[in-house]
1. In nm², what is the average projected area of the convex hull enclosing the Cα atoms of segment 2-195?
2. Which helices, counted as full DSSP H runs in the chain, have an axial Cα extent of no less than 30 Å and a Kyte-Doolittle average of 1.6 or above?
3. Cα-based Rg of segment 65-104 per 2.2 N^0.38 Å, rounded to two decimals?
4. What does the extension gain come out to for Thr85 and Ala142, with contour length at 0.36 nm per residue minus their alpha carbon separation?
5. Run the simple label-point estimate for Trp155 and Arg124 please: 7 Å along Cα→C-beta, distance reported in nm.
6. Can you give me the orientation-averaged projected area of the convex hull built on the Cα atoms of segment 35-135, in nm²?
7. Could you work out the relative contact order of segment 2-195? I mean the mean sequence separation of Cα pairs under 8 Å and 6+ apart, divided by the number of residues, in percent.
8. At 0.36 nm per residue, and after removing the present C-alpha to C-alpha distance, how many nm does the segment from Leu165 to Arg113 gain when stretched out fully?
Amino acid sequence: MIWYLARATGMVALIAFTASTAMGALASRHRARPTERQLDRRFLVQVAHRSAAVLGLTMLLAHAVLIVLDVYVDVSLTSTVVPFTAGYRPLALGLGTLAVYAFVVVAVSGAARGRLATSARATRTWRRVHLAAYAGWAAAMAHGILAGTDTGATWTTAIYAACGLAVAVAVGLRLRDHAAARRAPLASARTLVRSHP
């Protein structure tokens, strides 16, 4: 029973972090002269982004605890904290540990954004730290694919493909909008002033 719950919480955590990563990329898109409706939509996307992250962290904690408690595989508390030391699939579990660290750093920086982003330089630093979400998400995907006992089943392949596609599309849209904003720096500056009171 514990093993099934561990697998389920891991999959839910991956889906939640995928949603959070994709929405984070979409919420940070720059648009020249956004309408009030677009700004409202951006606010709602940011709320959903944070809510998905909290759900992901909750499921991640449950996943880790259940894996340690389960007797199906030999995973100690130490091997969940120290990457690549588990007796069971050390590479895959090590990637999972690194994903946890990345998500915790991103969550802490996200929670402290108001205090950290007090100047243009601090904001740039905050954004660089927050980019660890992409590394965490990639490590979580690799962890799931390499460690998951359901990997290869049709339903898990569909979930992994959907997660990958969601983040790829969101990041693609973000990069496209950033490239357009670089071509129109004055419009981009006005957008930033309006969206960050």
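Where a number appears in this text, it was derived from the coordinates with a stated rule and is not lab data. Computed from a predicted model, the values in this text were never measured in an experiment. Positions of Cβ are backbone-derived with ideal geometry, glycine not excepted, and every protein chain shown enters the neighbour counts.
1. Projected over every direction and averaged, the Cα hull of segment 2-195 covers 11.5 nm².
2. Working: long enough: 2-27 (36 Å, 1.35); 36-69 (50 Å, 0.86); 90-111 (31 Å, 1.93); 154-183 (43 Å, 0.58).
Span-like helices here: 90-111.
3. Details: Rg = 9.4 Å, N = 40, 2.2 N^0.38 = 8.9 Å.
Computed over Cα atoms of segment 65-104, the ratio equals 1.05.
4. Numbers: separation 57, 0.36 × 57 = 20.52 nm, distance 1.69 nm.
Here the answer is 18.8 nm.
5. Roughly 4.8 nm, to one decimal.
6. Details: hull surface 31.7 nm².
Averaged projected hull area, Cα only: 7.9 nm².
7. Values: 224 pairs, mean separation 59.3, N = 194.
Relative contact order of segment 2-195: 31 percent.
8. Numbers: separation 52, 0.36 × 52 = 18.72 nm, distance 2.80 nm.
Between Leu165 and Arg113, full extension yields 15.9 nm more.
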